Amino acid sequence: MGDEYVDNDLSAYSGKPRPEYLRLLEDLRSGRRDGVIAWHTDRLHRNPTELESYIAVCEAAGADTRTVRSGALDLATPQGRMVARLHGAIARGESEKQSDRLRRKFQQMAEEGEPKTNGPRPFGYERDGLTIREDEAAVVRELADRFLAGESLTGLTRWLNETGVPTPTGAPRWWGSTVRQCLGSARISGQRAYHGQIVAAAKWPAIITPETHARIRRVLDDPARKRLRTPSRYLLTGLIVCGRCDRPMISHPKGGRRGYDCRRDSGLGGCGGTSVIAEPVEELVRDQVLTALDGPELETALLAQTEPADDEHRLAAVIEADRLRMAEISELFADGVMDRDQFSHATRRVSERLQANLDQLTAGTDHRDLARHIGRGKDLRAGWEAMALDQQRAVIRAVVASVRIGPVQHGGRFQPGRVSVHWRV
Ligand SMILES: [Zn+2]
């Protein structure tokens, strides 16, 4: 009795494990089989090393090998083994030549801006890779906007799943990695990448601009970000500053109650002199923001604003992201999530860049995010509790430049007079 050993679709040269081939070897070794019939020797072994172990197994088992295309393989004599080795070498050379040709062809296609022809349909485009799908393109634009406004990949993934946006592959749900891949791809900005490098302007139309793509990549590729996958946990982190020293205050739970503190040991250079309970400040800021969004002042101020130059835009966004990151790093340290080494490593990188960027920029804010929310205060208030913390933060950060906490006036209860909100316009 014989058996069939089939490793479907696994080319003898792909380098992937072939479970059936391994079972065949095992059966030869154990003596369950004493002969092999194959289509061609190049279906049996993929490289000289595999051939040598195949020879050893067959020799020990006294097994015969016959192939349809290359006849009997006589592994019992030195001449026969040499023939087998030659067959192998020739087949391998052919295969390498062929994959080299393919590689060159793929590279050339990329450099000419042609779409990829394999893989799943790209989100935002039809199967041909050249035609935009408007409904999906709208989703891509919203993803890019919200991501750059500070929402996390986790938050955006949840949003896609909750609103039931279909995945391009037909998979039942979105994953963070799929969202990351879609958002970070050069393709949606009308650029062709090859092995992670942009090599050409693509033949298909863009959904977002190359500048937006570059901004997204800067955030995604930031090494500090990789350490900080945890979503933000506090509403005002990165916005709330000490009224005495102007340094960011950080929040962490203590004694069952959250507070924001200016800390001397946070690495942010704080004076350690200000402390406030979190909830009432957060509520007060939220109310002021939602009320302001529906009032005339923000809109008037926004319209009167002259647009800052583009590189100012970019710099301001980077600085803001870094400020937030510094405060988040400090919170992780204060909460004991990060040890001192990780902490100083992470803060050094971010603070160096932050300082360099601050030196370059004296003023400049991005007002696009604010414009999105104008007039929506009532809606946002109604849905506030149901919003993810990331979304809430994105709204607050679109409108508020900073929240300063002044000194305690006479001790005791929370004093709203200590809080002053500085608007972005
Ligand atoms: Zn302080």
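The values are calculated or read from the model by the stated rules, or taken from the named source; none is laboratory data. Note that the structure is a prediction, hence the values are computed from the model and not measured. Ideal geometry is used to build each Cβ from the backbone, glycine not excepted, and the neighbour counts take in all protein chains shown.
Annotations for the structure displayed:
- Positions within the stretch 1-36 being modelled with pLDDT of 75 or more, of a type in the set (Gly, Ala, Ser) and part of a loop (DSSP other than H, G, I, E, B), in sequence order: 2, 30, 31
- Some residue of the stretch 34-47 being touching a helix residue (DSSP H, G or I) at 6+ places or on another chain (Cβ under 7 Å), of a type in the set (Asp, Glu) and free of Cβ contacts under 8 Å to residues at least 60 places away in the same chain: yes
- Restricting the stretch 120-157 to residues that are basic (Lys, Arg) and closer than 26 Å to residue 318 by Cβ leaves a set whose member that is surrounded by the most Cβ atoms within 10 Å (Cβ to Cβ) is 146.
- If the condition is being farther than 15 Å from residue 420 by Cα, within 16 Å of the ligand (Cβ to nearest atom) and not aliphatic (A, V, I, L, M), then the stretch 262-298 contributes 262, 263, 264, 265, 266, 267, 269, 270, 271, 272, 273.
- Residues of the stretch 110-164 satisfying the condition of being touching a Pro at 6+ places or on another chain (Cβ under 6 Å) and either part of a helix (DSSP H, G or I) or under 21 Å from residue 219 (Cβ atoms) (or both): 123, 152, 154
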